[in-house]
């Protein structure tokens, strides 16, 4: 081999090694629903380059109704997943203690009860102790909590099957909803509604929680910290200006129109960053302990769950400086 050929081979080898050393970590994130504003920060982290700035190449996988994201991440079929705090507690009680929360998007849970304003309810308690019909999923922990706290309920209950059709057709019907979804649909249909957050009653689990496995936290702590830093930056970008990310999500979810994207993003902002929040996406041991105690009181779980094992505390500062601009 002549000197020129040897030089070219060595240069090519050096470039290959350098490329491999600087290649971003490929990461998969499983959502539990479609591309909507509740996931805005996760998509914004891609739109604004925050994943790339942290050395990550993130594939976001849409979910749907009943997507078992906690089982998917627990089994290692994805690196990260979106779960709810109460299902995480339940999974730990049932022996799946390898899934850990690392970022909590909604500090105030968006689960709510929607009623026609003409009914004149002054509180959720008044609604539950009135006549009429309430459509909800009675088996969910929040419904069990409300039944325990305000029971015996006077309102007649029936299963909630989705949509707002029954609510729209009968002014004496109330229904479960998400603060950022069905009330917007109802108002656009010309209905005057009022919405009561379940969180105000005292049951307020974190939701849209980013979770991963304890194995990944212990084996690749730097990758987990960089993912959290990118997601936090993504939510900062989305809360500051959701429009660019909404346009990107609309390409994925064509069932939602631009107005709904914008209205939902505005409605959820105070639930994601309530007054007094220290760190976006942060979690506290006290909140997790409260949730564990509530689920035990309801009989949803029967055995001890250590709240300290459920979550990873947020780092005080980002892992590395962002270099990608917005």
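Listing for the model above:
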{"quantity": "Verdict on residue 97 being surrounded by fewer than 23 Cβ atoms within 10 Å (Cβ to Cβ), in contact with a strand residue (DSSP E or B) (Cβ under 9 Å, 6 or more places away or on another chain), touching a residue at least 40 places away in the same chain (Cβ under 8 Å) and assigned to a loop (DSSP other than H, G, I, E, B)", "calculated": "no"}
{"quantity": "Failed criterion for residue 128 (all others in (1) in contact (Cβ under 8 Å) with a residue 60 or more places away in the chain; (2) buried (at least 16 other Cβ atoms within 10 Å of the Cβ); (3) closer than 25 Å to residue 197 by Cβ hold)", "calculated": "(1)"}
{"quantity": "Residue in the stretch 309-319 that is within 21 Å of residue 179 (Cβ to Cβ), buried (at least 20 other Cβ atoms within 10 Å of the Cβ) and in contact (Cβ under 8 Å) with a residue 12 or more places away in the chain present", "calculated": "no"}
{"quantity": "Matching option when the condition is in contact (Cβ under 8 Å) with a residue 12 or more places away in the chain and outside the structural domain of residue 172 (by TED's automatic domain parsing), among 193, 231", "calculated": "231"}
{"quantity": "Qualifying positions in the stretch 147-173 - out of contact with any strand residue (DSSP E or B) (no Cβ under 8 Å at 6 or more places or on another chain) and part of a helix (DSSP H, G or I)", "calculated": "147, 148, 149, 150, 165, 168, 169"}
{"quantity": "Count of residues meeting criterion [assigned to a loop (DSSP other than H, G, I, E, B) and buried (at least 21 other Cβ atoms within 10 Å of the Cβ)] in the stretch 182-219", "calculated": "4"}
{"quantity": "Helices (runs of 4 or more DSSP H) wholly inside the stretch 236-320 containing at least 3 residues that are outside the structural domain of residue 140 (by TED's automatic domain parsing), modelled with pLDDT of 95 or more and closer than 27 Å to residue 55 by Cβ", "calculated": "243-252"}
{"quantity": "Test: residue 137 is exposed (fewer than 14 other Cβ atoms within 10 Å of the Cβ) and assigned by TED's automatic domain parsing to the domain that holds residue 175", "calculated": "yes"}
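The values are calculated or read from the model by the stated rules, or taken from the named source; none is laboratory data. Small disclaimer: the values here were computed from a predicted structure and weren't measured. Every residue, glycine among them, receives a Cβ derived from its backbone with ideal geometry; neighbour counts consider all protein chains shown.
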